[in-house]
Amino acid sequence: MKFDYLKEEVGSRIADRVYDIARKFSLALDVGCGRGYIAQHLNKETVGKFFQVDIAENALKNTLEMEIPTVSVLADEEFLPFRENTFDLVVSSLSLHWVNDLPRALEQIHYVLKPDGVFIGAMFGGDTLYELRCSLQLAETEREGGFSPHVSPFTAVNDLGHLLGRAGFNTLTVDTDEIQVNYPGMFELMEDLQGMGESNCAWNRKALLHRDTMLAAAAVYREMYGNEDGSVPATYQIYYMIGWKYHDSQAQPAERGSATVSFGELGKINNLMSQEKKSQ
């Protein structure tokens with residue numbers, strides 16, 4: 001579909017991270033699957049059976065074609081209808097920023113994972129659409145004497161690590177990436193955001209902006225961030241996270257005080273290596 005380009009790209013990157021883990025997942029779950037942006041990139045050699053959960057019935061009715069056997073379930077991400085220790089793999093792509101209670105959603109994901117199961121997810125980062133936010137704030141402040149949020153709030157990367165740890169995940173990995181997309185102008189960007197279903201979800205947002213404020217914001221956007229060809233960039237910051245459910249077979253940290261080499265001695269390695277090269 002016309003507006004699926006970002007979700008399909010991030011879905012493929014989630015699938016790449018699944019392939020990086022050298023095992024087959026007999027039972028997998030996609031939380032907030034949309035039209036199946038992750039499943040279309042997976043194969044049956046990696047995933048045996050795939051459950052897709054979304055709160056939007058229309059998305060489940062229009063899922064993309066995929067190779068692996070799939071079951072679609074209409075359910076809320078915060079109240080997953082599955083038993084404890086059910087899935088070997090849980091994935092989620094660009095949907096968790098919509099849940100009302102993110103800590104609970106992460107706890108639900110941890111609950112349905114089997115021990116030594118892995119969660120791989122992606123969320124919009126805090127710097128997403130900073131160009132649009134800044135332009136709207138400057139224009140609204142200048143024209144209307146103040147501003148209200150017009151872009152949904154996003155999670156900070158350090159908060160995400162704490163939330164995963166609090167939900168019970170260990171061996172955490174959180175990394176960031178940026179995807180920049182060029183648009184003819186600010187209004188085309190806003191049309192695409194609406195087509196993606198990524199309109200502002202803040203309950204206390206201002207109902208509308210005046211026409212002259214919008215035109216001023218578009219001019220600010222082009223002046224501050226515009227490309228030489230007349231287009232404007234929009235930056236999507238993506239947080240990728242990986243967390244494992246505890247199992248006795250997983251690597252454990254060594255006991256405190258069991259090290260045989262101090263960090264102070266590590267500084268001598270370069271000197272020893274340079275002396276060895278000189279002697280050769």
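Key figures
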item: Entries of Lys49/Lys245; Lys7/Lys114; Lys61/Lys114; Lys7/Lys245; Lys24/Lys49 with Cα pairs more than 22 Å apart; result: Lys7/Lys114; Lys61/Lys114; Lys7/Lys245
item: Cleavage-rule hits, chymotrypsin sites (Phe, Trp or Tyr not before Pro), the range 56-107, DSSP coil, Cβ neighbours within 10 Å at most 13; result: Phe79
item: Computed magnitude of the charge dipole of the chain (debye, nearest 20; Cβ of K, R +1, Cβ of D, E -1); result: 700 debye
item: Farthest toward positive dipole pole in the chain [+1 Lys/Arg, -1 Asp/Glu at C-beta], among Met273, Thr213, Gly126; result: Met273
item: DSSP bridge pairs, the chain: antiparallel proportion in percent, nearest 5; result: 50 percent
item: Separation of alpha-carbon centers, the range 1-38 and the range 94-125, rounded to whole Å; result: 14 Å
item: Whole-number percent relative contact order across the range 1-154, with pairs defined as alpha carbons under 8 Å at least 6 apart; result: 21 percent
item: Heavy-atom accessible area ranking, 1.4 Å probe, most first, across Ser26, Ser92; result: Ser26, Ser92
item: Per-residue SASA entry for Lys24, accessible area with 1.4 Å probe, Å² rounded to 10; result: 120 Å²
item: Carbon/sulfur fraction of accessible area - the chain, other protein chains in place, 1.4 Å, %; result: 50 percent
item: Solvent-accessible area of Glu45 with every protein chain in place, 1.4 Å probe, in Å² to the nearest 10; result: 120 Å²
item: Residues Glu107 and Gln252, FRET efficiency given R0 of 22 Å [Cβ-Cβ distance, rounded to 0.05]; result: 0.40
item: Heavy-atom surface of the range 4-247, accessible at 1.4 Å and reported per residue (Å²); result: 47 Å²
item: Met123 - accessible surface, heavy atoms, 1.4 Å probe, Å² rounded to 10; result: 0 Å²
item: Descending semi-axes in Å of the chain, equivalent ellipsoid built from Cα gyration tensor; result: 38, 29, 19
item: Check: the range 1-148 dipole with +1 on Lys, Arg Cβ and -1 on Asp, Glu Cβ, in debye; result: 440 debye
item: Relative contact order (percent, whole number), the chain, Cα cutoff 8 Å, 6+ residue spacing; result: 18 percent
item: Residue (of Gly197, Asn58, Val47) at the positive-pole extreme of the chain, dipole from beta-carbon charges; result: Val47
item: Positive-pole candidate from Phe87, Leu136, Ala156, dipole of the chain, charges at beta carbon; result: Phe87
item: Solvent-accessible surface ranking, highest first, for Ser249, Ser93, Ser262 at 1.4 angstrom; result: Ser249, Ser262, Ser93
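The values are calculated or read from the model by the stated rules, or taken from the named source; none is laboratory data. Keep in mind it's a predicted model, so treat the numbers as computed, not measured. Reconstructed Cβ throughout: ideal geometry from the backbone, glycine too, with neighbour counts over all protein chains shown. Heavy atoms of the whole protein, side chains included, go into the accessibility calculation; ligands, DNA and RNA do not. Shrake-Rupley method; radii C 1.70, N 1.55, O 1.52, S 1.80 Å.
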